[in-house]
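Below is one structure, written out as structure tokens; the observations come after it.
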Amino acid sequence: MNYFLYKNNQLHCEEVAIQEIAAQVGTPFYLYSKATLRRHFQAFDSAFTAPHITCFAAKSCSNIAILNLFSSLGGGADIVSGGELFRALTAGVDPQKIVYSGVGKSRDELKYGLESGILMFNVESEQELDALQEVAASLGVQAPVSFRVNPDVDPQTHAYISTGLAKNKFGIPIADAPAAYQRAAAMANIEVKGVSCHIGSQLTQVSPFVESLAKVKKFIHRLHKSGCPIKYLDLGGGLGITYDDEEPPAPLDYARALEAELGDLGCTLILEPGRVIVGNAGILVTKVLYTKQGGKKFTIVDAGMNDLARPSLYGAHHTILPVEERGQGREMGDVVGPICETGDFLARDKEVPLSRQNDLLAVMSAGAYGFSMASNYNSRPRVAEVLVDGAKFHVIRRRETLESLIAGEMIP
Ligand code: LLP
């Protein structure tokens, strides 16, 4: 359920006509609905009855206004870089609700995490553990640690966003984990706190989650028996959304399936949802520059693959709707951007709105991995981000300027 709806044939976000925002902010821009963000966060968070912390995956949508909203609703953050830690802290996220994942944390990043007093580091290799022990010793502190274990479970999703298979770079093989925990337990500046696991993104079935939890649960029982207490079980993120005709489980079904498998393990759960909360709470609004009939029909818009990489990168589907519905109908064709690459498309060989110059189009389901993956390729300033709250809207990130494109560059 989201709050992007037509009223009088005009697409609105909550109470605000998108056309009005475009007139004031210009195009393209990302647009988020606060009521939708709140609703999705609460639907997810309240689906779990076991003690838990919902640590929003900052990588999916990292604007500080949005991190601040989730923090005000009791959420934490799952971060994967010093940059995301900086954003989360600036947004007011409680450090004791921040978990730090990622295969390549630098020593500077480990130090920043330790100095900030985060809840735990999800360590992904033995060498990272050694580095963390060294950095923690140099600071004279204890580093809270969980190992990210790789359960070798197929999440049945796009190959680029599958992370829980043995052939993926993530985590340590679950078979090697007992030895890793034994080593960690003996280290002076390491405090073992948890076990973590994240098998992939945009999963549309619960079975891979349950399969991986079953393996992790067995492992935690084994750790408990060997006298290694585990306080936190981090189940990662990954629950999918509907972009087209996918039918992913609702958060409640996901939570019930996981809690049924979990039983009474006595751990606090950590969840790292990203897409399921923000994906359908945000859209990309773009304007038609030109249309032309080449070998097929092209609708050329002012947003490109630098603004929304998902169609080009993963062949992902994003439904495109007209902001003004005047019965124009739809046609087969491509919606393409201004970037000088054939791979620059927002829709390819899809039913798209029959448009004319200056029409506004809404690229739906763009709230997750939209702006956060945007780049300046082709020297295009990154677009504005706008948050609607009822009848009001707020620019939560200004459109970049030409000057910002060369900030930091110099001619020697
Ligand atoms: N936790 C960890 C450790 C992760 O690596 C990820 C996503 C998440 C949580 C959040 O997963 P979610 O709930 O959003 O599925 N750029 C791709 C998605 C990459 C996902 C990376 N990791 C896309 O646009 O589909």
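The values are calculated or read from the model by the stated rules, or taken from the named source; none is laboratory data. These numbers come from a predicted model, not from an experiment. Heads up, the Cβs are rebuilt from the backbone with ideal geometry, glycines too, and the neighbour counts pull from every protein chain shown. For the accessible areas, the whole protein counts, side chains as well, though only heavy atoms, and no ligand, DNA or RNA atoms are used. Shrake-Rupley method; radii C 1.70, N 1.55, O 1.52, S 1.80 Å.
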Next on the checklist: If you fit an axis through the alpha-carbon atoms of helix 207-225 and take the longest principal axis of the Cα set of the chain, what angle between them do you get, 0 to 90°, nearest 10?
Outcome noted: 20 degrees
Checklist entry - Counting other Cβ atoms within 10 Å, which trypsin sites (Lys or Arg not before Pro) in region 126-221 have at most 15 and lie in a DSSP loop? => result LYS167, LYS169
Checklist outcome for this item: Sorted list, accessible surface of protein heavy atoms, 1.4 Å probe, largest first, for VAL276, VAL323 is VAL276, VAL323
Item to check | Listed pairs LYS97/LYS215; LYS59/LYS105; LYS59/LYS217; LYS296/LYS350; LYS7/LYS392 exceeding 20 Å between Cα atoms | outcome: LYS97/LYS215; LYS59/LYS217
Item to check | Residue order for ASP344, ASP245, ASP130 - accessible surface, 1.4 angstrom probe, largest first | outcome: ASP245, ASP130, ASP344
Checklist entry - Going by alpha carbons, how many degrees (0 to 90, nearest 10) lie between the helix axis of 126-139 and the longest principal axis of the chain? => result 80 degrees
Checklist outcome for this item: Among LEU139, PRO208, GLY164, the residue whose Cα sits farthest towards the positive end of the charge dipole of region 34-276 (+1 at Cβ of Lys and Arg, -1 at Cβ of Asp and Glu, taken about the Cα centre) is LEU139
Item to check | Which of PRO51, HIS12, PRO28, positive extreme of dipole for region 1-77 (C-beta unit charges) | outcome: PRO51
Checklist outcome for this item: Using the Kirkwood formula on alpha carbons, the hydrodynamic radius of region 197-240 in angstrom works out to 11.3 Å
Checklist entry - So for SER355, SER375, what's the accessible-area order with a 1.4 Å probe, most first? => result SER375, SER355
Checklist entry - What is region 1-99 by shape, rounded, prolate or oblate, if you read a ≥ b ≥ c off the alpha carbon gyration tensor as root eigenvalues and call it rounded for a/c under 1.5, prolate for a/b larger than b/c, and oblate otherwise? => result oblate
Checklist entry - Any idea of ARG380's accessible area? Nearest 10 Å², probe 1.4 Å. => result 40 Å²
Next on the checklist: Based on C-alpha coordinates, I'd like the Rg and Dmax of region 34-276, in Å.
Outcome noted: 16.8, 53
Checklist entry - Under a 1.4 Å probe, what is the accessible area of region 34-276 per residue, stated in Å²? => result 40 Å²
Item to check | the chain - percent of accessible surface contributed by carbon and sulfur, probe 1.4 Å | outcome: 51 percent
Checklist entry - Taking the Cα centre of region 265-412 as origin and charging only Cβ (+1 Lys, Arg; -1 Asp, Glu), how large is the dipole, in debye to the nearest 20? => result 220 debye
Checklist outcome for this item: Residue-normalised 222 nm signal for the chain, counting each DSSP H run of n ≥ 4 as -39,500 (n - 2.57), nearest 500 deg cm²/dmol, is -8000 deg cm²/dmol
Checklist entry - Taking the DSSP beta bridges in the chain as the whole, what percent of them are antiparallel, to the nearest 5? => result 50 percent
Item to check | Hits among aspartates and glutamates - C-alpha to C-alpha of LYS167 under 19 Å, sequence gap 8 or more where chains match | outcome: GLU124, GLU126, ASP152, ASP154, ASP176, GLU211
Next on the checklist: Using only the alpha-carbon atoms of region 181-279 as identical scatterers, what base-10 log of I(q)/I(0) does the Debye formula give at q = 0.12, 0.17, 0.18, 0.20 Å⁻¹?
Outcome noted: -0.44, -0.77, -0.84, -0.97
Checklist outcome for this item: Kirkwood calc, the chain, C-alpha pairs only, radius in angstrom 22.4 Å
